[in-house]
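Note sheet for the following structure.
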Amino acid sequence: MPVALSPSVDLHTDPQNVPSLPDWFGEVAVLARHLTHRGILDVLCHEVHLARGRMGDYEAIDFAALLFGYAVSGEPTLEAYFERLIPFGQPFMVLFGREDLPHRSSLSRFLAAVDEPCLEALRSCCEHDLAQRGPTGEESGGLFDRQRQRLLIFDVDGTRQAARQRPLATSTDLPAPHRRLVSVCAPGYTGRKRGEVVRTRTTILQAHLQQWLGTFGHAGNGDYGAELLSACRVIADYLRAKGLGLSQGLLRLDGLYGTASILSLIQRYGLGFVVRGRDYQLLDHPRVQERLQRPCDQVLEHPETQVRRELFDVGSIADWLEPVPGLELACRVIVTRRPAPDNPEKVAVGKLIGHHVYELFLTSHSAQGLSAADVVDLYHQRGAFEQVLSDEDQEQDPDRWCSCMPCGQEFWQIISQWVWNLRLELGQVGQEPALRWTHWADPALPVQPVPGEEPSVGEVPVEEETVDLYGPLELSREWAKARGRFAGQDFDLRDDGTVECPAGKIMRPRERRTLPTGDVRILYTAKVADCRGCELASQCLGSGASGTQPRRVSAISKLLGQHRRPKQAPEPAAEATTGPQALLWCDRNGRRLRRRFVSLLRRQCVTITRMVPEEPTAVLSTQWHHWTRAERAHRRQDWADRLARNASHADTPHYSFTLFGIVPALAAYLGLPSSAAA
């Protein structure tokens, strides 16, 4: 009997359990339709494979569909996600062309079994879809320098996820302790996050569209050298797919990558960079000291902190620093100088020398395209990348733990970034936003010569100059051989500027020193994780080594002497009818596109109707299954037969979905009928 709360309200109750449809189900239906309409699901079915035991009738596409829904849902855990999904499991799987919903434990076992070929196949599908679709030409944004050359800015940096590890009791009466995250995490720098072990994920962002181009994760502090090489490959493929030259890609990096050994790897790909340098030994070079004695080129004042920086454009490093074989680098060096604070301990960034704090910035772009102030200002705007990472944590949280294995965790993170990009693409279609043009900087004024000095253009070049001549890199002969350890001759120098240890691990250059004799020493260091679990650690580090300090070897490039060579005169600047142009930044409001798209779908109603099939005119009384010899012998099935086991078939229930609030432009893009169009 209803209870009357007021004359106009009756409250009823019913013991029947009727779950409500999740508010994110409509967005899942839209994404599934987009993946099907564009043929992406078909590519995933035939390209991403994983053969393992105890997989039942499911394939990789079944678990990929679950992870697509998990990334869309925003549920905090897989347990909460499955609780909302199970009442609507079959309609959910039918959206992806599959039949039965896998169990949560099956998903966990699949992620634990994901191997490198399966992971790389998924990564390849995601990169191909990103390169083939999305805005092209000026629609993809860019930075137009003072010579009206279009550049695309890419931010590459790592983000960390920490994991807590409670103390475990150990005694002879208890089994040996086992930690689930021992494979996916390792001790490392935790930053501001609470935890004992961490996992580092290097991400690639197209700054103008806020598109994620890739993610590469490793345990502990990661391998930033190898991850940067992977990022350069992805960026180069992206530029080629968009019809742009490699020189139009500009990587914006922090001080972790500000060494010659790392930047030379970027130049091998033909890409440009803007990076904060960390080799402050360059400040002691006579060329830099001589430049700091003269007036600065520009003065840059931060609009919020009012910190004034004097900018000194020293010039190309290739003109006055002889390259070491394998570490050739050509870039501009920009030095900034600001007054030191009253408390020297507050100097978090830069080198404190006397009463000033010095900072180094390196770039491969010419001074005619980007002035010293443009380079420093462009680097300081790198904070927008941190804001995108914060938005990613709020909207999707890809660093939440889904698997205790490295490949399984990265499998989930690739799909999470894919969903981010799909929201941008579909949000742009539904909202049709215009490009945002930002007047980044005013046209540059011509540089005035310093009083008492003649312009550098008019100087008569010196006929000859004296330069140092270095020999090839040679691994140093160490005393370690006499103590039964591997010596330098047991390691191999590779063509890419790295060293391979006897265990097959890669050691990368970490430091460059100039010896009193004039020789150059390059110090190579292995990863702590490689040395900690290496079977040859006792022969490499010593019998009593714990592996907490990695192995280091050094290579020396000997100074052969000095020789004189003709000094090239500076090339005269090309005469132009107009002076340097203003700096323009073109992008899209990615946050508005994503959040409006998500909020619109979650506020609309979604109806699911199960269609009742018509009765067949004639039904056979008995239907026999004809076995094949392969089925009788239980032979291994091919990929097509495995994929067909959980695929939708004629007996699968037919569902009708009605999505409200879909604008006609988005419906046409998805290939769906719209009542407004009718």
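Derivation of every value follows stated rules applied to the coordinates shown; laboratory data play no part. Because the structure is predicted, anything quoted here is derived from the model rather than measured. Here Cβ is always computed from backbone atoms with ideal geometry, including for glycine, and neighbour counts include all displayed protein chains.
Determine, for His356, His649, the number of other Cβ atoms within 10 Å of each Cβ, and report the residues in order from fewest to most. Please report the intermediate quantities before stating the final value.
On the way: His356 15, His649 8.
So the ranking, lowest neighbour count to highest, is His649, His356.
Please give me the summed charge of the neighbours of Ala131: other residues whose Cβ is under 10 Å from its Cβ, Lys and Arg +1, Asp and Glu -1.
0
Could you pull the Cα extents of the range 255-381 along its three principal axes, largest to smallest, in whole Å?
Here the spans come out as 43, 28, 27 Å, largest first.
Along Cα→Cβ, 7 Å out, is where each label goes; now give me the distance between the ones at Ser183 and Arg240 in nm to one decimal.
According to this spin-label approximation, the distance is 3.3 nm.
Could you compute the net charge surrounding Leu601? Neighbours are other residues with a C-beta less than 9 Å from the C-beta of Leu601; K and R count +1, D and E count -1.
That works out to 0.
Please give me the summed charge of the neighbours of Gly188: other residues whose Cβ is under 9 Å from its Cβ, Lys and Arg +1, Asp and Glu -1. Intermediate results must be reported in sequence, preceding the final value.
On the way: positive: Arg160, Arg199; negative: none.
Computed value for this residue: +2.
Give the Debye-formula value of log10 I(q)/I(0) at each listed q (0.12, 0.15, 0.19 Å⁻¹), with one equal scatterer per alpha carbon of the range 56-157, two decimals each.
-0.59, -0.78, -1.02
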